[in-house]
Amino acid sequence: MVTLEQVRAWRPADVDAQVDVLTRARNRLLDCDDELTGAAPPSSWAGGAADAAAVAHGDRVEQVRRLVAQVEAVRTACAEAAAALAAVHSAIAAAEDLARAHGLTVHPDGTVTAPALLTTPEGADEAVRAQQAVVEEVVDRLEQALRRAAQVDADLAAVLRRAAQDAVEDGCGASLADAVLAGATAGDLAVPPPPGRGARPADNAGWWASLTEAERAEVLARHPQWVGNLDDVRADLQAEAARLQADLADNIFGGWFTHADARLENVRGMLAGLDAVEAEIALRDTSLLVLDASGDLLEAAVAKGDVDTADHVAVFTPGMGTTVQGSLKGYSDDVDELRLLAKDILRDAGESQSVATVAWLGYQAPGHRWVQDVASLGDRSVVRDNAAQNGAPALTSFLQGVDAARGTDPHLTALGHSYGSLVTGLALQRPTGVDDVVFFGSPGIGTSDAEELLVPDGHAFVVEARGDPVADTGWFGRDPNQMDGLTGLSSREEVLDGRVLAESTGHSQYFVQDSTSQHNLAVTIAGLYDQQVHPDGMDGGDVVSSGYRGVPWDQD
């Protein structure tokens with residue numbers, strides 16, 4: 001493995017300069033091949049001498065073409081190595097910039113150290129966790145850059161050895177074009193796959209940052225499964241649907257004993273989900289961040305605005321009954337309205353900051369089937385936390401990735417509604433870089449102790465609408481509206497600066513246009529806490545549930 005100090009000393013420009021030298025050498029060989037071709041023995045010459053001359057001429061032509069292939073192999077490898085090493089240097093510089101921005105020191109051996117923290121006892125644990133998260137991110141990014149540098153070094157050395165040993169692949173003598181192609185193929189450096197299973201978001205971000213633009217294009221074209229690709233997923237699902245349909249046609253019992261009927265229904269739902277994704281990402285300022293068809297439900301995350309550059313980023317996780325085919329458009333519209341409102345509020349406050357929002361449908365939400373998910377008490381039931389426990393790690397990773405993919409930290413807000421608030425609460429019990437969280441319509445957040453949420457003190461909020469039956473259950477921990485450490489935000493009708501904000505009622509009106517709840521979500525996303533509107537009392541459900549501390553297994 002190469003060291004950081006070694007890679008810093010490498011000079012991609014010097015390697016690139018050799019490409020020009022090798023290009024001139026190859027061109028001279030091409031000219032030589034033209035001259036040799038023109039000097040072939042005439043066809044009218046016959047006899048033993050003519051035969052010997054033809055053999056000698058053929059040998060010289062083959063020799064020149066092998067030289068062409070060897071030089072082209074080294075030229076191609078040097079050109080790709082120079083570009084790859086420049087990308088590695090850029091990735092290292094980005095990691096070092098991140099370290100400097102947080103007061104960290106990157107040492108020549110690649111280790112990263114942090115200064116001692118001057119904090120109050122109350123904030124010590126939180127500050128240490130935040131600092132350690134940045135240290136780990138810098139280390140992961142550097143590791144991926146050095147991994148790529150070592151691979152480039154090894155691949156270039158292998159090409160040079162093959163060329164020196166005249167071991168470039170055969171096929172050079174058929175034509176001059178074949179020789180050039182053989183050389184270019186032999187000199188083509190491999191594009192490394194992503195770090196693999198178990199990798200952290202910063203590992204994947206570091207891998208992507210270490211690739212050249214040409215290599216990224218190759219990954220998207222030749223290895224779409226590495227990063228997720230809409231057309232590739234659709235083709236796989238269509239093939240599976242056709243196979244399942246054929247199985248059903250051949251089975252006299254249909255899908256009764258094979259579960260093919262249920263799987264075919266899932267596959268058709270996912271194909272409909274892809275239609276919804278394609279329609280959504282065709283819109284302006286919209287991008288696809290997650291696409292996964294490995295489960296029973298299609299999973300996706302769609303962003304409004306530029307998550308990579310926005311000053312403020314919010315990630316919304318919806319609840320039970322969510323499907324990409326049935327819910328993506330509505331939730332994408334909801335978070336886009338939040339984005340636009342947050343931008344307007346920032347502008348009115350004299351701030352010219354940017355905002356991006358994400359509708360994260362990245363887990364297998366329960367409740368889309370009545371018997372399996374609602375009426376039963378099985379693993380997929382909405383009254384159990386299995387789906388949330390399974391989905392929370394993916395949300396944790398996604399939130400970490402929003403931060404890891406950037407050189408500067410955004411103001412990051414997590415939003416969770418209904419069962420999605422449980423997913424969010426569980427996800428935030430690990431470090432994510434989230435600055436604010438808002439739970440709304442929540443049946444519980446997976447804990448009865450707000451200190452288990454790894455967000456800054458005073459930056460966990462809850463909105464509960466009047467008449468929301470789900471929000472008063474406290475089913476997955478204590479009712480968040482009654483928890484110490486969570487600050488209530490109003491959903492009642494309010495008058496703000498002469499403007500009437502509407503009340504949200506029931507379980508599904510938190511995003512209603514021009515409502516107090518929508519306003520509170522937007523100002524929290526914008527980080528304008530002085531514009532939050534707080535409730536002035538409890539509703540009837542809170543009074544009834546104020547002494548309820550959750551399901552028995554969550555009680556002290």
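The values are calculated or read from the model by the stated rules, or taken from the named source; none is laboratory data. Just so it is clear, the model here is predicted, and its values are computed rather than measured. So basically every Cβ, Gly included, is an ideal-geometry build from the backbone, and we count neighbours across all protein chains shown. Quick note on the areas: whole protein, heavy atoms, side chains included, nothing else; ligands and nucleic acids left out. Shrake-Rupley method; radii C 1.70, N 1.55, O 1.52, S 1.80 Å.
Annotations
- Computed lengthening from residue 185 to residue 166, 0.36 nm per intervening residue step minus Cα-Cα distance: 5.4 nm
- Enclosing the Cα atoms of the stretch 449-544 in their convex hull gives a volume equal to 102 cubic angstrom per residue.
- Placing dummy labels 7 Å off each Cα toward the beta-carbon, the span from residue 408 to residue 132 is 2.9 nm.
- Shape parameters for the stretch 55-119, alpha-carbon atoms, Rg then Dmax in Å: 23.9, 84
- The calculated FRET efficiency for the pair residue 86 and residue 53, based on their C-beta separation and a Förster distance of 45 Å, comes to about 0.35.
- Counting every alpha-carbon pair across the stretch 257-349, the share separated by more than 20 Å comes to 42%.
- Kirkwood hydrodynamic radius over Cα pairs of the stretch 1-139, then Stokes diffusion coefficient at 4 °C and 1.567 mPa s, in µm²/s: 64 µm²/s
- The listed residues 286, 473, once ranked by accessible area (1.4 Å probe) with the largest placed first, stand as 473, 286.
- DSSP-loop chymotrypsin sites (Phe, Trp or Tyr not before Pro) across the stretch 378-487, with at most 14 other Cβ within 10 angstrom: none
- Counting all C-alpha pairs of the stretch 332-482, share separated by more than 22 Å (%): 44 percent
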